[in-house]
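*Asks:* Take a look at the following structure, please.
Only the coordinates and a few stated rules stand behind these numbers; no lab work does. Every value quoted in this text rests on a predicted model; they were computed, and no experiment measured them. Cβ placement follows ideal geometry from the backbone for every residue including glycine, while neighbour counts extend to all protein chains displayed.
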Amino acid sequence: MSQRFAAKVALITGAASGIGRATTLRLVGEGATVFAVDLDAERLKETASLADGTVTTRTADVSDPATCAAVVQECVDAYSRIDVLGNIAGVARSDHFTELTVEQYRRLMGVNVDACFFLSQAAMPYLLETGGNIINIASSAGLVGQAYTVAYCASKGAVIQMTRALAMEYVKRGIRVNAIAPGVIDTPLIQKWEFPADVEVDLLMRYAPLRNAGEAEDVASLFAYVASDEGRSIHGAVLSVDNGMAAG
């Protein structure tokens, strides 16, 4: 495998499973040192054990702004730099709109939106030093409306607009900011997805991929390309990995 990330440091959230784990392993395989963050300590250790390279693990709830700042500082203290920030941690749920509680809404927004904002804010000075880049994991749900996931769609739409706005603000500063919008990817998050009772099945058809569900490695492969020097002209983009779900 090529060594596109030799001597580079990546901070990856959501690294315990799914897209976060696949991305961690892909970057390590290409020479990166990865500071891997997740709330699930046991599965995070498992990710590190699967890596053929340097992975430092940090258990953290990235929905908390102070924790985001601490995580970034610890990464810099350990490795003196950050070249890539991968905001991959995410939560999802499906509810009838009027039944979603305040606590459930706040949790979803905290992990999906607040973490992207505060991690990016804390990491920005270091990314400017290295000419690094940020990649946010959004979703096809941020591009098209989907029944029974109003809060999730809103959170991923916010991630997409945050990406675009940040890209414009820093377009002259030597860093890049992009988003990847997966559709149905075979990950633990999707495997555990449950819809509420009494849904209208025809409204769920947009969830059905036009082909088989993608793999986490599909997203990790694109992530690695965009984050590498080969992706140097990609800035402010929202790249779909969804087998055509958002095309119609």
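*Asks:* State, as an integer percentage, the relative contact order of the stretch 9-241 based on alpha-carbon contacts under 8 Å between residues 6 or more apart.
*Replies:* Across the stretch 9-241, relative contact order equals 21 percent.
*Asks:* Lys8: which aspartates and glutamates have alpha carbons under 20 Å from its alpha carbon, excluding same-chain residues fewer than 8 sequence positions away?
*Replies:* Of all the aspartates and glutamates, those that pass the test against Lys8 - Cα under 20 Å, at least 8 places apart if same chain - are Glu30, Asp52, Glu74, Asp77, Asp83, Glu129, Asp229, Glu230.
*Asks:* Additional query: Would you be so kind as to identify which of Ala32, Asn133, Val111 lies farthest towards the positive end of the dipole of the chain, taking Lys and Arg as +1 and Asp and Glu as -1 on Cβ and the Cα centre as origin?
*Replies:* After comparing all options, I get Asn133.
*Asks:* Okay, next question. Residues with amide H under 5 Å of Lys8's amide H, sequence separation 5 or more or different chain, H placed in the peptide plane at 1.01 Å from N; which?
*Replies:* Counting only residues 5 or more places away or on other chains, the set is Thr33.
*Asks:* Still on this model: State the Cα centre-to-centre distance between the stretch 216-248 and the stretch 48-81 in whole Å.
*Replies:* 24
*Asks:* Using DSSP to define loop residues, name the GluC sites (Glu not before Pro) in the stretch 112-197 whose beta-carbon has at most 10 other beta-carbon atoms within 10 Å.
*Replies:* Of the GluC sites (Glu not before Pro), the ones in loops of the stretch 112-197 whose Cβ has at most 10 other Cβ atoms within 10 Å are Glu194.
*Asks:* In debye, nearest 20: dipole of the chain around its Cα centre with unit charges on the Cβ of K, R (+) and D, E (-)?
*Replies:* Its charge dipole is roughly 700 debye.
*Asks:* Counting only DSSP beta bridges with both residues in the stretch 9-241, tell me the antiparallel percent, nearest 5.
*Replies:* Percent antiparallel among DSSP bridges in the stretch 9-241 is about 0.
*Asks:* Hey, another quick one. Which order do Thr47, Thr54 fall in if you start with the one that has the fewest other Cβ atoms within 10 Å?
*Replies:* Result, fewest neighbours first: Thr54, Thr47.
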